[in-house]
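Only one structure is covered here, and it is reproduced in the block below.
Read the figures in this text as sums done on the coordinates, not as results from a lab. Values in this document were obtained by computation on a predicted structure and should not be read as measured data. Cβ placement follows ideal geometry from the backbone for every residue including glycine, while neighbour counts extend to all protein chains displayed.
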Amino acid sequence: MRHTDPIPDEAIAWVERLHTVVDDLVAPVVAAHGPRLRCRSGCTSCCADGLSVFILEAALITRHFPELLADGVAGVEGACAFLDDDGACRVYASRPYVCRTQGLPLRWLEHDAAGEPGEVRSICPLNDEGDPPIEELAAEACWTVGPFEERLRGRQALLDGGTGERVALRSLFGSSRTHLPIVR
Ligand code: SF4
């Protein structure tokens, strides 16, 4: 797959289904944590600049927001280019997978210098206060980073042969669906 190739409709639809599954799985985790999670409209702590996504997720945004990308202006540098002046996401319905899980207690596996796997956990500092501390949460109470990224990578591999090419969100402004700038 070259980055100038069109993205098949079926692949776009697959990404939308994946996002729906993620939302369905995130909802009970959010509900279980109640007031601990202070995520709300207008909080932009997770909306960092420099985010990149797989081509498939970039294509979803370009599919649904062509006018914004062609005629809109990217937000100021230092935060995500898709934030508006009120701190709202301008592509919320098609926001990438990672945006759908931010704020949750996150867990993933890393290997130490000896090659031994170990669990790492993290949470937005604004959501860190609470009992129990995130280190003591059951694994099911956290979002496990990795499986959905692998699904995205795997689906994209059917198109790009496994190169895992990604696209910077900011670079989508001024781009077209068939000319996605690639991060290597
Ligand atoms: S795409 Fe939307 S939700 Fe995701 S980082 Fe940007 S502004 Fe925030």
The stretch 113-152: GluC sites (Glu not before Pro) in DSSP coil with no more than 15 other Cβ atoms inside 10 Å: E129
Degrees between helix 55-64 axis and first principal axis of the chain (Cα, 0 to 90, nearest 10): 70
Estimated inter-spin distance, F173 and A13, nm [label 7 Å along Cα→Cβ]: 3.4
Order of W108, W143 - criterion: other Cβ atoms within 10 Å of each residue's Cβ, fewest first: W108, W143
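Tell me, what is the FRET efficiency for H111 and D49 to the nearest 0.05, using R0 = 35 angstrom and their Cβ-Cβ distance as r? Display every interim value, and only then the final one.
Numbers: r = 29 Å, r/R0 = 0.83.
Using R0 = 35 Å, I get an efficiency of 0.75.
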In degrees, nearest ten, helix 147-160 long axis to first principal axis of the chain (Cα): 20
Set of the stretch 157-173 residues, backbone N closer than 20 Å to the point 7 Å along the Cα-Cβ line of S122: 166-170
Difference of contour (0.36 nm per residue) and Cα-Cα distance, R153 to R100: 17.4 nm
At most 10 other Cβ within 10 Å, DSSP loop - GluC sites (Glu not before Pro), the stretch 4-91: E77
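To the nearest 20 Debye, how big is the dipole of the stretch 5-152 about its Cα centre, given +1 on the beta carbon of each Lys and Arg and -1 on that of each Asp and Glu?
On the way: 11 positive and 26 negative charges, 71 e Å.
It comes to approximately 340 debye.
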Inter-label distance, nm, simple model (7 Å from Cα along the C-beta direction), D131/E77: 4.6
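With a 10 Å Cβ neighbour count serving as the proxy for reagent exposure, in which order, fewest first, do R95, R17 appear?
R17, R95
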Residue (of A59, L109, G75) at the positive-pole extreme of the stretch 45-184, dipole from beta-carbon charges: A59
